[in-house]
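Presented below is the structure to which this report refers.
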Amino acid sequence: MLLLPGAILALGGLMVSARLLQKGISPLVMISTGMCLFILFNWQMSRLNLEAGSADISVPLIWRGVGLAIMTVPLTALAVSSLEPKDIPQGAALNNMMRQLGGSFGISIINTYSARRTALHRTDMLANITDTNTLVNDRLNSTTHFFMEKGKTLFEAKKMAMRALDNGVVKQSTLLSYLDSYFLIGLLFAITLHEAAHGLAHARGIKDTSRQGRWHNQHFKTLAEGLGLAIAKDPKIGWSVTAITPTTISTYADILVELAGAMSAYRHLEPVDTPTTTTSRNGLSLECECPRKIRVSNAVHAEGPIICGLCDTPFTDPDATDDDGTHDGDGDES
């Protein structure tokens, strides 16, 4: 039930995004809006705790479903926009394949990251569970007494108390790893907004970096603020620390309309293939008098004749010739 509202609104978002494209709305505006909604989803999910209810999860899932729906249609349209009509089916299939591969790699990467973060958080928590920690001793004693009141022996109660404490550590370490994963995904999407400022500088011919691209100067700060980002100065790389402001979505959409005229998708010319003759490397094609055909390797054919079980004649190569110029197997009868 948690996924149902987001799924329903995602279907609506797909239909609405298609209509918006037909009305001439820039795909870049729609993609940026979808990215902001997806960043909002990851930010809200990264702030959950063990007491979160269904409403705390279903609302961010709605932002995720709508954001991905708004991005899917324009991304597909941009991927095939410069193709010839005859190439659109192959282009759409290639786009879907790359999207599936990207999703598979993304899932693998985030699973690995989550597992490592779980181990890290568990190690940090276990370092605080010691005999000298009064909070740990109080928790173990109270849990032990609870199980003893349920009829357990002292040994069983202590064992169950340790197990309950370990389960709590597992839950908290797993939750923290998921929060880290959501924060990482949202951060990656936010970085693309940082790169949008570099794209704007390139389109306008403005030099926004120095020191081989490491130092972000005042020009980058001005451009990024024009995109609706809050900029802070880092002592090593300059005006590079970006943050999303509440007015980003509306301001960013206006700037992307201007970028749409300066940016266009293109494809390289494909080389024209010239017909060439190739030699088959799949072995020899042999025939008997039936005629039946088989294909064998050169090494198998050189070991000796292969006899057909129906006509009791050997399989021969119809293209081979003997020393006297006749085809193999076509010698004169005596």
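The values are calculated or read from the model by the stated rules, or taken from the named source; none is laboratory data. Since this is a predicted model, take the numbers as computed values, not measurements. Because the Cβ atoms are built from the backbone with ideal geometry, glycine has one as well, and the counts that use them run over all protein chains shown.
Worth a mention:
- Inside segment 166-189, residues that are touching a Ser or Thr at 6+ places or on another chain (Cβ under 7 Å) and either without any contact (Cβ under 8 Å) to a residue 40 or more places away in the chain or closer than 21 Å to LEU68 by Cβ (or both) make up a count of 6.
- No other residue among THR130, THR123 is surrounded by fewer than 13 Cβ atoms within 10 Å (Cβ to Cβ) and within 21 Å of ASN49 (Cβ to Cβ) apart from THR123.
- The condition (being in the same structural domain as TYR182 (by TED's automatic domain parsing) and part of a loop (DSSP other than H, G, I, E, B)) is satisfied by just one residue among GLY24, GLY65, GLY12, GLY91: GLY24.
Let's see how each residue does on (1) more than 17 Å from ILE231 (Cα to Cα); (2) in contact with a helix residue (DSSP H, G or I) (Cβ under 6 Å, 6 or more places away or on another chain); (3) assigned by TED's automatic domain parsing to the domain that holds GLY67; (4) buried (at least 17 other Cβ atoms within 10 Å of the Cβ):
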residue	(1), (2), (3), (4)
ARG163	yes, no, yes, no
ASN167	yes, no, yes, no
LEU176	yes, yes, yes, yes
ILE191	no, no, yes, no
HIS194	no, no, yes, yes
ARG211	yes, no, no, no
ARG214	no, no, no, no
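- Flag if SER181 is under 24 Å from TRP43 (Cα atoms), in a helix (DSSP H, G or I) and among the hydroxyl-bearing types (Ser, Thr, Tyr): yes
- Taken together, the criteria exclude ALA92 from residues that are out of contact with any Gly (no Cβ under 6 Å at 6 or more places or on another chain), touching a residue at least 40 places away in the same chain (Cβ under 8 Å), surrounded by 14 or more Cβ atoms within 10 Å (Cβ to Cβ) and among the hydrophobic types (A, V, I, L, M, F, W, C).
- Of all residues in segment 38-59, those satisfying the criterion of being surrounded by 21 or more Cβ atoms within 10 Å (Cβ to Cβ) and either touching a Ser or Thr at 6+ places or on another chain (Cβ under 8 Å) or over 13 Å from TYR178 (Cα atoms) (or both) are PHE38, ILE39, PHE41.
- Some residue of segment 150-158 being within 41 Å of the chain's Cα centre (by Cα), part of a helix (DSSP H, G or I) and of a type in the set (D, E, K, R): no
- With respect to the stated conditions, GLU225 fails to be of a type in the set (D, E, K, R), at pLDDT 60 or above and assigned by TED's automatic domain parsing to the domain that holds ALA79.
- Filtered by the rule that a residue be at positive phi and at pLDDT 80 or above, segment 287-334 gives a lone residue, GLY304.
- Of all residues in segment 186-239, those satisfying the criterion of being small (Gly, Ala, Ser) and not in a strand (DSSP E or B) are GLY186, ALA190, ALA196, ALA197, GLY199, ALA201, ALA203, GLY205, GLY213, ALA224, GLY226, GLY228.
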